[in-house]
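The values are calculated or read from the model by the stated rules, or taken from the named source; none is laboratory data. Small disclaimer: the values here were computed from a predicted structure and weren't measured. Positions of Cβ are generated from backbone atoms using ideal geometry, with glycine treated the same way; all protein chains shown enter the neighbour counts.
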Amino acid sequence: MRKPTAGELLYNVAFDKKGAASDGAGGTTTAFTEQFSCRAAYVHLRGGESVQAARLQGQHPQVIRVRSSSHTRGVTTDWRIRDKRTGDVFNIRDITPGLDRQFIDFLCQKGVAP
């Protein structure tokens, strides 16, 4: 597998954290709020059985790669990633730091509940 480069980070994504917000009637509700944004690369997964089965169910698993930073190292699987241009929302399923410590890969799914 070849080493990723910063030139591949073509997309602008936001990282949203789940928190509590006012519902306007004196109570609270769960809401996501943007914590930070950065550049990212999308790595579309090909072929295995689980990937094909997910696509048949309307889900889209893929890897979103970002530069490692103090912000991105603090992200957990209860956060979500949002494409700032299209508004697509990706739920984070797994987090894998790169061996070179320059990038972090987020295994995400689009089209599923958090």
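The residues of the stretch 64-83 that are crowded, with 16+ Cβ neighbours inside 10 Å and not charged (D, E, K, R), listed by number, are ILE64, VAL66, THR72, VAL75, TRP79, ILE81.
Every residue, every condition in (1) out of contact with any Ser or Thr (no Cβ under 7 Å at 6 or more places or on another chain); (2) crowded, with 18+ Cβ neighbours inside 10 Å, yes or no:
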site	(1), (2)
ARG85	yes, no
ASP88	yes, no
ILE92	no, yes
ASP105	no, no
CYS108	yes, yes
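Somewhere in the stretch 9-17, is a residue modelled with pLDDT under 80, aliphatic (A, V, I, L, M) and not in a loop (DSSP other than H, G, I, E, B)? Within the stretch 9-17 (the criterion being modelled with pLDDT under 80, aliphatic (A, V, I, L, M) and not in a loop (DSSP other than H, G, I, E, B)), the answer is no, since none of the residues qualifies.
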